[in-house]
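Q: Structure below; questions to follow.
The values are calculated or read from the model by the stated rules, or taken from the named source; none is laboratory data. Quick caveat: nothing in here was measured; it's all calculated off a predicted structure. In this analysis, Cβ positions are derived from the backbone assuming ideal geometry, glycine residues included, and neighbour counts consider all displayed protein chains.
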Amino acid sequence: MDFNLRTPGPTPVPEDILQASAAQMINHRGPEFKSLIESVTSKIKEVFQTSNDLYILTSSGTGALESAVVNTISPNDSVLSISVGVFGDRFSQIAHMYGADVTDLKIEAGKAVDPEQIRKELNSNPKISTVIVTHNETSTGITNDLQSIAQVVKGEFDKLLLVDSVSGMGSIPCPVDSWDLDVVASGSQKGWMAQPGLAFISVSKEAWEAQSKATTPRFYFDWEKAEQYLQRGQNPWTPAISVMYAMDKSLTMILNEGLGAVYERHQTIATKTREAVKSIGLELFADEKYASNTVTAVKAPDGINCGELLSNLRTKYNIVLAGGQAYLEGTMFRIGHLGFVPEKEIDEVIDALKKELGR
Ligand code: PLP
């Protein structure tokens, strides 16, 4: 069944990419796969705007976050975690789980972090070696000012900076080298217009230095293994080959369109979505100054049961939106507009909301 799938990942996969991913399997230790991984890796690096190392992991985005932690952080290392929502909390939880001494800077949901708050934390705790942060917080529809955050974390304090840009990279600007980001994670089911199954992680020179000292046990996500195998044109483990085919195609489409045009397209559709939401009397959840161009979070109007609203949209209109996650459940719903987003699909969402809320 075809839905108007407007969740912030997985996102609809364009027909050409679906076709590409249906190709027959190949030997992942053979020359065809070598060409494929080399092509996909180099194109992802163009989107990351980096000459750092970059690895393709067969996992969801969370696997890439876990790989960032286990490769760079040792038990008892002091880590500053900046969380503006559920995914920031998850990144922190991973660091906690592997024994880091985590200071949690938790920002009210719907707001972005003020870099001054980070400056204060780093001044008061010189033991902190690593800062972890979410670029684009999918649970609240907030984009942090990552460039300014990096200026403080890297420029002023020279700490290691690990970034979750799972739902940002490829849709909104995140130039890894010019912003000096040590480790950046993303996932194939977001703005990349491909199916879930692959995650991407870039690794700076400083991150490699941290990796060489980090004592956390690691196996599946060991970057050293990823590097050794990539030199032979392989992944250490059996990769999600079909998603690699999809990525090869989607990256060609993204790079042909041009990154500037892709960012502009996301900005245009996000502005349209926010304005349309407000025009039918709904309130945005996120501080509009930092509202994300990939997902719009909408406050549940008083007296409206969010679960029921989303269920009605699905059964009556074939529209699938996302609800609030974890402690945000019932307080909001979210409209995804990343990757492949025909404008008419947003119009349909707004029309259906108008009808349902008017009832
Ligand atoms: N971080 C952010 C900002 C996300 O949006 C997501 C997925 O929605 C994740 C992390 C986790 O990714 P995954 O669900 O692919 O593990």
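Q: So Glu32 passes all but one of these: (1) touching a residue at least 60 places away in the same chain (Cβ under 8 Å); (2) away from the ligand (no atom under 16 Å from the Cβ). Which condition number does it fail?
A: Result: Glu32 fails condition (1) only.
Q: Would you mind finding the one in Thr11, Thr50, Thr7 that is buried (at least 19 other Cβ atoms within 10 Å of the Cβ), away from the ligand (no atom under 16 Å from the Cβ), assigned to a loop (DSSP other than H, G, I, E, B) and of a type in the set (Ser, Thr, Tyr)?
A: Values: Thr11 fails: away from the ligand (no atom under 16 Å from the Cβ); Thr7 fails: away from the ligand (no atom under 16 Å from the Cβ).
Going through Thr11, Thr50, Thr7 in turn, the sole match is Thr50.
Q: Follow-up question, since we're still on this one. Checking the condition closer than 30 Å to Ile26 by Cβ, touching a helix residue (DSSP H, G or I) at 6+ places or on another chain (Cβ under 8 Å) and in the same structural domain as Asp180 (by TED's automatic domain parsing), which residue from Val203, Val262 passes?
A: On the way: Val262 fails: in the same structural domain as Asp180 (by TED's automatic domain parsing).
Val203 is the lone residue from the list that is closer than 30 Å to Ile26 by Cβ, touching a helix residue (DSSP H, G or I) at 6+ places or on another chain (Cβ under 8 Å) and in the same structural domain as Asp180 (by TED's automatic domain parsing).
Q: Could I ask something else about it? Take the conditions within 16 Å of the ligand (Cβ to nearest atom) and among the charged types (D, E, K, R) and apply them to Lys272. Does it pass?
A: For Lys272, the condition - within 16 Å of the ligand (Cβ to nearest atom) and among the charged types (D, E, K, R) - is not met.
Q: Output the number of the condition that Thr62 fails; it satisfies all remaining conditions of (1) in contact with a Pro (Cβ under 8 Å, 6 or more places away or on another chain); (2) under 23 Å from Glu224 (Cβ atoms).
A: Answer for Thr62: the failing condition is (1).
Q: Among the residues of segment 101-129, write down those that are free of Cβ contacts under 8 Å to residues at least 40 places away in the same chain, within 21 Å of Arg334 (Cα to Cα) and of a type in the set (A, V, I, L, M).
A: The answer is Ile107, Val113.
Q: Please specify each residue of segment 14-47 satisfying the condition of being part of a loop (DSSP other than H, G, I, E, B) and surrounded by 17 or more Cβ atoms within 10 Å (Cβ to Cβ).
A: Hits for segment 14-47 are Pro14, His28.
Q: Does Asp145 count as of a type outside the set (A, V, I, L, M), in contact with a Lys or Arg (Cβ under 6 Å, 6 or more places away or on another chain) and either surrounded by fewer than 21 Cβ atoms within 10 Å (Cβ to Cβ) or without any contact (Cβ under 8 Å) to a residue 60 or more places away in the chain (or both)?
A: No.
Q: Still on this model: Return a yes/no flag: does segment 231-253 have any residue that is charged (D, E, K, R), outside the structural domain of Leu146 (by TED's automatic domain parsing) and more than 23 Å from Thr72 (Cα to Cα).
A: Among the residues of segment 231-253, at least one is charged (D, E, K, R), outside the structural domain of Leu146 (by TED's automatic domain parsing) and more than 23 Å from Thr72 (Cα to Cα), which makes the answer yes.
Q: Also: Would you mention how many residues in segment 265-305 are closer than 30 Å to Met253 by Cα and not in a helix (DSSP H, G or I)?
A: 7
Q: Can you spot a residue in segment 262-277 that is closer than 30 Å to Asp351 by Cβ, over 22 Å from the mean Cα position of the chain (by Cα), surrounded by fewer than 19 Cβ atoms within 10 Å (Cβ to Cβ) and at pLDDT 95 or above?
A: yes
Q: Turning to a different aspect of this structure: State yes or no: is Val166 in contact with a Gly (Cβ under 7 Å, 6 or more places away or on another chain), in contact (Cβ under 8 Å) with a residue 60 or more places away in the chain and not assigned by TED's automatic domain parsing to the domain that holds Leu321?
A: So Val166 passes the test.
Q: Could you go through segment 314-321 and let me know if any residue there is more than 22 Å from Arg90 (Cβ to Cβ), in contact with a Lys or Arg (Cβ under 7 Å, 6 or more places away or on another chain) and not assigned by TED's automatic domain parsing to the domain that holds Ile172.
A: There is at least one residue in segment 314-321 that is more than 22 Å from Arg90 (Cβ to Cβ), in contact with a Lys or Arg (Cβ under 7 Å, 6 or more places away or on another chain) and not assigned by TED's automatic domain parsing to the domain that holds Ile172.
Q: Shifting gears a bit: Tell me, please, whether a residue that is within 19 Å of Asn136 (Cα to Cα) and not hydrophobic (A, V, I, L, M, F, W, C) can be found in segment 72-84.
A: Yes, there is a match, as at least one residue in segment 72-84 is within 19 Å of Asn136 (Cα to Cα) and not hydrophobic (A, V, I, L, M, F, W, C).
Q: Is it the case that Gly63 is farther than 25 Å from Ser129 by Cα, under 15 Å from the mean Cα position of the chain (by Cα) and not acidic (Asp, Glu)?
A: no
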